[in-house]
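Okay, structure first, notes after.
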Amino acid sequence: VGFRVAYDGNALVRFDPPATYTIKGSVDLSQPNGAETLSINTAYPITWTKTGNIGDVLIQMSRDGSTWRDINTVPSGSSPYSWTPSATVAPVIVNADMNANIVKVRLTSVVGIPVTDQSAAGFKIIGQIANVQPNSSATVWYKGENRNITWNQVGNMNSVDIYYRISG
C-alpha cells in the first residue's frame, strides 16, 4: 500500500514516500480462552473475530504450548466453528489431554502475512460415562443378590463412584 501526504491548498505541496507498506489483518480468539470445561464427544463452538482479509485460518490444539495438532482449516469468516473433541477422530484426545486445565486452541492465518491468536489460558476436556446398565426403573434387586453394573467410558477416568438410593 502506498500513500501520499498533500496540502489541500496547493497540489504541488506533497510527500510521496518511496516505500510501500502492508496493512496487516488480525484474528482474536474469543473461546475457548481458558478455564472452560469441554466434554469429549460433545460439540463446542470455537469463536473468533477477524479484521481485514486474512484468508483461511488453521485451527489447532496443544496441551504443552509447543506441539500443535491440527483440528481443521476453515474460511476466516466462518466463526463459530463447531469442534467435537474425540477419542477416535483426529486430533485424538488422549489421556494426557484430559482432566487438567492444560489444553489450548490456536488460530493462524494460512496465506499472506501470518496473524495468530491462542487461548489466554488452558482449559479442560473431561470424559463421559454412557450406556449404564441396568437402566430401567423396572429392575428389581433383592437383598443378598449379586448384580453387575456396567458402563462405557470415553476418556481418562482412573475410578468412578457408584451411588444408590432407596426409593420410598
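Numbers at a glance
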read-out	value
Residue in the stretch 6-22 that is nearest to the chain's Cα centre (by Cα), counting only those that are of a type in the set (A, V, I, L, M) and at pLDDT 85 or above	ALA6
Positions within the stretch 26-52 being open to solvent by 50 Å² or more (accessible area, probe 1.4 Å) and in contact with a Gly (Cβ under 6 Å, 6 or more places away or on another chain), in sequence order	THR51
Qualifying positions in the stretch 140-160 - under 41 Å from the mean Cα position of the chain (by Cα) and of a type outside the set (A, V, I, L, M)	ARG147, ASN148, THR150, TRP151, ASN152, GLN153, GLY155, ASN156, ASN158, SER159
Selected residue (criterion: farthest from VAL57 (Cα to Cα)) from residues of the stretch 121-147 that are open to solvent by 80 Å² or more (accessible area, probe 1.4 Å) and touching a residue at least 12 places away in the same chain (Cβ under 8 Å)	ARG147
Test set (1) open to solvent by 80 Å² or more (accessible area, probe 1.4 Å); (2) modelled with pLDDT of 85 or more; (3) over 13 Å from PHE123 (Cα atoms); (4) of a type in the set (Lys, Arg) - ARG63 fails condition number	(3)
Number of the exception - THR88 against (1) closer than 20 Å to THR37 by Cα; (2) of a type in the set (Val, Ile, Thr); (3) open to solvent by 70 Å² or more (accessible area, probe 1.4 Å); (4) touching a Lys or Arg at 6+ places or on another chain (Cβ under 7 Å)	(4)
Spans of strands (runs of 3 or more DSSP E) in the stretch 1-94 with at least 1 residues within 26 Å of ILE113 (Cβ to Cβ)	5-7, 10-15, 26-31, 44-51, 56-62, 69-75, 81-83
Of residues in the stretch 98-117 being surrounded by fewer than 17 Cβ atoms within 10 Å (Cβ to Cβ) and out of contact with any Ser or Thr (no Cβ under 8 Å at 6 or more places or on another chain), the one nearest to ASP70 (Cα to Cα)	VAL111
Verdict on PRO75 being out of contact with any Pro (no Cβ under 8 Å at 6 or more places or on another chain), open to solvent by 70 Å² or more (accessible area, probe 1.4 Å), at pLDDT 95 or above and not hydroxyl-bearing (Ser, Thr, Tyr)	yes
Of all residues making up the stretch 14-25, the number that are within 30 Å of SER82 (Cα to Cα) and either of a type in the set (Asp, Glu) or surrounded by 14 or more Cβ atoms within 10 Å (Cβ to Cβ) (or both)	1
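The values are calculated or read from the model by the stated rules, or taken from the named source; none is laboratory data. Values in this document were obtained by computation on a predicted structure and should not be read as measured data. Quick reminder, even Gly has a Cβ in these numbers, built from the backbone with ideal geometry, and neighbours come from all protein chains shown. Ligands, DNA and RNA are excluded from the accessible area calculation, which covers all protein heavy atoms including side chains. Shrake-Rupley method; radii C 1.70, N 1.55, O 1.52, S 1.80 Å.
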